[in-house]
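A quick write-up on the structure given underneath.
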Amino acid sequence: MHKVGVVPFDIRGDRIAILFVTSQTRGRWILPKGSQKKGETHEVSAKREALEESGVEGDLFLDFPMTVPITKQGSSGVIKTPVTYYPLLISKQLEEWTDKDKRQRHWSLLTDTDKVTDRADFLNLI
């Protein structure tokens, strides 16, 4: 199944900050993503996942999709799932959101993202 996600970012002066959230299972810093529901466009899915998982809204850059394989350890071995990420320029960060009790948020300057995650798929993506 194909997944869709966002690279939530904000421009702070001459710097770019990326918003990470914790995964539900292992508490690792990840980018918001999820399954595309039947009948949803990538735009609708990406915005829904951003709102549910990180409590943010903004402008999605549909002209700049980035598809990467995300690997997960499944019961039958390693599973690779394609995820298409879209940059999302955040315009609103909510105090209350769907996954607030399940996830934490963390802002990182683009230049410091390697201190937040060592996952090559994310580092290459951003």
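State yes or no: is Arg15 under 21 Å from Thr117 (Cβ atoms), free of Cβ contacts under 8 Å to residues at least 12 places away in the same chain and more than 10 Å from the chain's Cα centre (by Cα)? Spelling it out, it is not the case that Arg15 is under 21 Å from Thr117 (Cβ atoms), free of Cβ contacts under 8 Å to residues at least 12 places away in the same chain and more than 10 Å from the chain's Cα centre (by Cα).
Applying the condition of being out of contact with any strand residue (DSSP E or B) (no Cβ under 8 Å at 6 or more places or on another chain) and assigned to a strand (DSSP E or B) to segment 64-114 and asking which residue is surrounded by the most Cβ atoms within 10 Å (Cβ to Cβ) yields Gly74. Could you say whether any residue in segment 46-57 is in a loop (DSSP other than H, G, I, E, B) and touching a residue at least 24 places away in the same chain (Cβ under 8 Å)? Looking for residues that are in a loop (DSSP other than H, G, I, E, B) and touching a residue at least 24 places away in the same chain (Cβ under 8 Å), one finds at least one in segment 46-57, hence yes.
Is one or more of the residues making up segment 47-54 farther than 12 Å from Lys33 by Cβ and modelled with pLDDT under 95? No, segment 47-54 has no match at all. Listed here are the strands (runs of 3 or more DSSP E) enclosed by segment 1-45 that have at least 2 residues being over 18 Å from Leu62 (Cα atoms) and touching a strand residue (DSSP E or B) at 6+ places or on another chain (Cβ under 7 Å): 15-22. State yes or no: is Ile70 touching an Asp or Glu at 6+ places or on another chain (Cβ under 8 Å) and modelled with pLDDT of 95 or more? Taking the combined requirement at face value, the residue does not satisfy it.
Those residues that are surrounded by fewer than 21 Cβ atoms within 10 Å (Cβ to Cβ) and of a type outside the set (Gly, Ala, Ser), I need them from segment 34-52; list them, please. Matches in segment 34-52: Gln36, Lys37, Lys38, Glu40, Thr41, His42, Glu43, Val44, Arg48, Leu51, Glu52. Answer with yes or no whether Gly55 is surrounded by 12 or more Cβ atoms within 10 Å (Cβ to Cβ) and not aliphatic (A, V, I, L, M). In short, yes.
The values are calculated or read from the model by the stated rules, or taken from the named source; none is laboratory data. The structure displayed is predicted, hence computed values, not measured ones. Here the Cβ is made from the backbone with ideal geometry for all residues, glycine too, and neighbour counts use every protein chain on show.
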